[in-house]
Amino acid sequence: MKEELFVSGRINHLVDPYLNIWHWQIPLYLFLGGMAAGILCIAALYYLRGREKDYYTAVRITPFLAPILLVLGLVALFIDLRHKLYFWKLYTNIRLQSPMSWGAWTLMVITPVSFIWSALHIRDIFPRWDWKYKWIYEIEKFFNKYKRALAWVMLIYGIILGIYTGILLSAFNARPLWNTSILGPLFLASGLSAGAAATLLLSKNPAERKQFARIDLVIIGIELFLIIHMFMGYLASTQVQIEAARMFLGGDFTMSFWIFAVILGLLVPALLEILELGKVHIPAVVPPVLVLFGSLMLRFIIVHAGQVSRWLY
């Protein structure tokens, strides 16, 4: 048998496998976008159900965070772009088979909607607010007239944005860890949990806080179910996905994922919320802050670990 040795000096991080193509900007955007989606979905849902007075903070106050989060997320995306001057080309066509195209157009809709929703409630925070120009009052009057339709748009595109933050990753077949349909629902649930946590932080109404603690408990349960189901899917799949799962089951990401994302981000806040509902005094800020921390860590760990996972073992 004749053996041949091939030696290549090629190393191009844009062609060959490279572990750090996506840095902190992408998981930060996924977190901010998911949280904004959760806030807007909750606000729209309770407005459409006619519960605006019962959940005043969730419908009128917390949504002021959404445009800020979306703008910061877009800034993070812009920083990550290699050819920053050509970002506008995403809006010269619509490609239904491209997750990037879906994301770009979803953000094009949901971002101005979040600003409009906040503008309609700006007097709830600043009672003496004056737009100064009559034409702005006319626009405000128009959107107040069709506020229910606006809420439907906000709800639908909020759900799309929340799911998209997971689909953006799962569409990459070359990364076994990301190649699962669970990421979309998981990131949506995580975003809804972060949205509920934001309301818990801002609300001063005990009844509203109690209701959102219950909501967050249900969402945390859904997240845990999806995480377990995701790993069951990996372990019942191909060898490369089994190896991807092993990174979290004794591998390099075991400690960070299970401690930061699951225990501190899901189990501990769930336990604290149960104790709080049982009338045990718990510092109000602790459970929602842990939920937000866990939501952020989930995305950072999944994005980084996904880039380590590969088809060659």
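Coordinate-derived values only; no laboratory data. Fair warning: this is a prediction, and the values are worked out from it, not measured in the lab. Cβ coordinates were reconstructed from backbone atoms using ideal geometry, including for glycine residues, and neighbour counts include every protein chain displayed.
Please compute the length gained on full extension between Trp131 and Trp311, using 0.36 nm multiplied by the number of residues separating them and subtracting their Cα-Cα distance.
Residue separation times 0.36 nm, minus the Cα-Cα distance, leaves 59.1 nm.
Select from Ile110, Ala198, Val308 the residue farthest towards the positive end of the dipole of region 25-308; place +1 on Cβ of Lys and Arg, -1 on Cβ of Asp and Glu, and compute about the Cα centre.
Of the candidates, Ile110 comes out farthest on the positive side.
Just to confirm a number: summing +1 for Lys and Arg and -1 for Asp and Glu over residues other than Trp117 whose beta-carbon lies under 13 angstrom from that of Trp117, what do you get?
0
Among Leu249, Val262, Val71, which residue has its Cα positioned farthest towards the positive end of the charge dipole of region 25-308, with +1 placed on the Cβ of Lys and Arg, -1 on the Cβ of Asp and Glu, and the dipole taken about the Cα centre?
Val71
If I build a Gaussian network model for the chain, linking alpha-carbon pairs within less than 10 angstrom, which residue out of Tyr234, Tyr137, Tyr157 has the largest mean-square fluctuation?
Per the Cα network of the chain with a 10 Å cutoff, Tyr137 tops the list.
Helix-only estimate, please: 222 nm mean residue ellipticity of the chain, summing -39500 (n - 2.57) across DSSP H runs of length 4 or more and dividing by its residues, to the nearest 500.
Helices in the chain give a 222 nm mean residue ellipticity of -21000 deg cm²/dmol.
Taking +1 at the Cβ of each Lys and Arg and -1 at the Cβ of each Asp and Glu, which of Ile282, Gly162, Tyr146 sits farthest along the dipole of the chain towards its positive end, judged by Cα position relative to the Cα centre?
Selected residue: Tyr146.
Quick one: if you stick a label point 7 Å off each Cα along the C-beta vector at Glu138 and Ile156, how many nm between them?
Simple spin-label model gives 2.8 nm for this pair.
Between the DSSP loop rule and a limit of at most 14 other Cβ atoms within 10 Å, which trypsin sites (Lys or Arg not before Pro) in region 85-128 are left?
The qualifying sites are Arg95, Arg128.
Please compute the net charge surrounding Phe143, taking Lys and Arg as +1 and Asp and Glu as -1 over other residues with Cβ under 15 Å from its Cβ.
+4
Just the number, please: Stokes-Einstein D of region 175-274 in µm²/s, Kirkwood Rh from C-alpha pairs, 25 °C, 0.890 mPa s.
It comes out at roughly 168 µm²/s.
Add +1 for every Lys or Arg and -1 for every Asp or Glu among the other residues with Cβ under 13 Å from the Cβ of Arg214, and state the total.
Result for the neighbourhood of Arg214: -2.
Within the chain, how many Lys pairs that are eight or more residues apart, or on different chains, come under 24 Å at the alpha-carbon?
The result is 12.
For a label point 7 angstrom out from the Cα of Gln25 toward its Cβ, which stretches of region 81-106 have the backbone nitrogen within less than 18 Å?
So the set is 81-91, 100-101, 103-105.
With +1 on the Cβ of every Lys and Arg and -1 on the Cβ of every Asp and Glu, and nothing else charged, how large is the dipole of region 25-308 about its Cα centre, in debye rounded to the nearest 20?
840 debye
Can you tell me the FRET efficiency between Leu224 and Val280 if r is taken as the Cβ-Cβ distance and R0 is 22 Å, rounded to the nearest 0.05?
Computed FRET efficiency for Leu224 and Val280: 0.50.
Once you sort the root eigenvalues of the Cα gyration tensor of the chain as a ≥ b ≥ c, which label holds: rounded (a/c under 1.5), prolate (a/b larger than b/c) or oblate (the other case)?
Here the chain falls in the oblate category.
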